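Presented below is the structure to which this report refers.
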Amino acid sequence: MFRLAARLIAPVANYAAVVHGLRVILRHRSLAYELAQRELRSQYAGQIIGAWWAATHPLFLMVLYVAVFAFVFKVKLDPILNVPRDYTCYLLAGLVPWLCVQQCIARAPSVLISQASLVKQVVFPLEVLPVSAVATNLVFLAVGLIVLVLYVVSTQGGLPWTYILLPILITLQISLMLGLSYALAAIGVFLRDVKDLVQIFSTAGVYLMPIFFLPQWVPDPLRPFMYLNPFSYMGWCYQDVLYYGRIEHPWAWPVFGCIALGCYAMGFRVFAWLRPQFGNAL
């Protein structure tokens with residue numbers, strides 16, 4: 001066990017895993033795209049509005065959270081806090097990326113199980129299955145960002161300069177989701193309970209991040225748990241870009257970058273290590 005842990009955290013090996021994983025993804029990008037399209041079509045097959053549900057679902061969740069916290073609970077941001085925009089914008093800035101991650105990790109443990117026939121094929125590149133699942137869930141991110149951009153433009157008359165940093169954040173988030181998907185998909189083949197554990201966390205996770213509240217609202221005894229949550233740093237980075245219009249949390253950016261790239265490297269290595277046993281387990 002200790003030897004395995006040492007191998008997984010070796011920096012050189014992790015760098016090699018990143019490079020190898022990127023090569024595999026680029027080599028089979030067309031296949032991953034086709035699988036993502038097929039999954040979207042099959043997921044909503046036979047329904048009246050079909051794949052439009054992929055956009056309707058995140059829209060409904062965003063409207064629900066905004067209605068509950070901004071209008072029912074009437075949460076307000078005190079002007080003395082030097083906040084540039086209203087509470088709805090603050091909520092959406094952290095909620096939009098989390099909804100994408102939430103859907104991704106909830107789906108990841110069953111990615112390989114649901115494609116058991118492909119997993120048992122010797123020549124099929126299994127690495128594309130988690131990639132296609134991540135690509136499918138990017139619909140949540142795209143829809144949410146479009147809604148948020150339209151809201152900011154309509155209420156503020158324009159966008160802050162920090163929106164040009166969105167490609168960097170999206171790239172890091174994709175790396176994070178790929179790493180989680182690789183690890184959860186591989187482990188889920190052997191431990192079927194992972195799916196239920198992840199669903200519990202994904203449901204509670206939205207309340208463990210600074211999405212509905214400012215960090216200073218958290219009581220001091222509970223504040224360390226917020227900083228121990230790796231997804232909090234993703235939320236702070238997105239809030240810098242989408243809400244504050246300035247780098248309000250400079251320390252969150254390198255932390256989130258290290259977490260995202262490290263998670264991708266570790267996830268891919270776990271997937272590669274367990275891959276030879278997938279066929280027997282399924």
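The values are calculated or read from the model by the stated rules, or taken from the named source; none is laboratory data. Here the structure is a predicted model, which means the values were calculated and not measured. Note that each Cβ is placed from the backbone with ideal geometry, even for glycine, and that neighbours are counted across all protein chains shown. SASA here: full protein model, heavy atoms, side chains in, ligands and nucleic acids out. Shrake-Rupley method; radii C 1.70, N 1.55, O 1.52, S 1.80 Å.
Would you say LEU169 is open to solvent by 30 Å² or more (accessible area, probe 1.4 Å) and modelled with pLDDT of 95 or more? Criteria not met by LEU169. Within segment 178-193, being of a type outside the set (Ser, Thr, Tyr) and in a helix (DSSP H, G or I) holds for LEU178, GLY179, LEU180, ALA183, LEU184, ALA185, ALA186, ILE187, GLY188, VAL189, PHE190. Does THR155 fit the bill of being open to solvent by 50 Å² or more (accessible area, probe 1.4 Å), over 20 Å from the mean Cα position of the chain (by Cα) and within 26 Å of ASP240 (Cα to Cα)? It is true that THR155 is open to solvent by 50 Å² or more (accessible area, probe 1.4 Å), over 20 Å from the mean Cα position of the chain (by Cα) and within 26 Å of ASP240 (Cα to Cα). If we scan segment 52-75, do we find a residue that is more than 22 Å from the chain's Cα centre (by Cα), modelled with pLDDT of 80 or more and of a type outside the set (A, V, I, L, M, F, W, C)? The answer is yes, given that some residue of segment 52-75 is more than 22 Å from the chain's Cα centre (by Cα), modelled with pLDDT of 80 or more and of a type outside the set (A, V, I, L, M, F, W, C). Filtering segment 76-97 to residues that are in a helix (DSSP H, G or I) and at pLDDT below 90 leaves PRO79, ILE80, LEU81. The requirement of being of a type in the set (Gly, Ala, Ser) and more than 30 Å from PRO276 (Cβ to Cβ) is fulfilled nowhere in segment 177-195; no residue meets it.
Residue pairs whose Cβ atoms lie under 6 Å apart, separated by 6 or more positions or on different chains, with the first residue in segment 166-187 and among the aliphatic types (A, V, I, L, M) and the second outside any helix (DSSP H, G or I), are ALA185/VAL111; ALA185/LEU112. The residue that is surrounded by the most Cβ atoms within 10 Å (Cβ to Cβ), among those in segment 98-133 that are of a type outside the set (A, V, I, L, M, F, W, C), in contact (Cβ under 8 Å) with a residue 24 or more places away in the chain and in a helix (DSSP H, G or I), is PRO130. Each residue in segment 194-246 was checked for being of a type in the set (Asp, Glu) and either in a helix (DSSP H, G or I) or within 21 Å of the chain's Cα centre (by Cα) (or both), and 2 of them qualify. Restricting segment 134-151 to residues that are in contact with a helix residue (DSSP H, G or I) (Cβ under 6 Å, 6 or more places away or on another chain) and β-branched (Val, Ile, Thr) leaves a set whose member that is most open to solvent (accessible area, probe 1.4 Å) is VAL139.
For VAL139, the criteria (1) among the aliphatic types (A, V, I, L, M); (2) modelled with pLDDT under 90; (3) closer than 20 Å to ARG23 by Cα hold in every case but one, which is (3).
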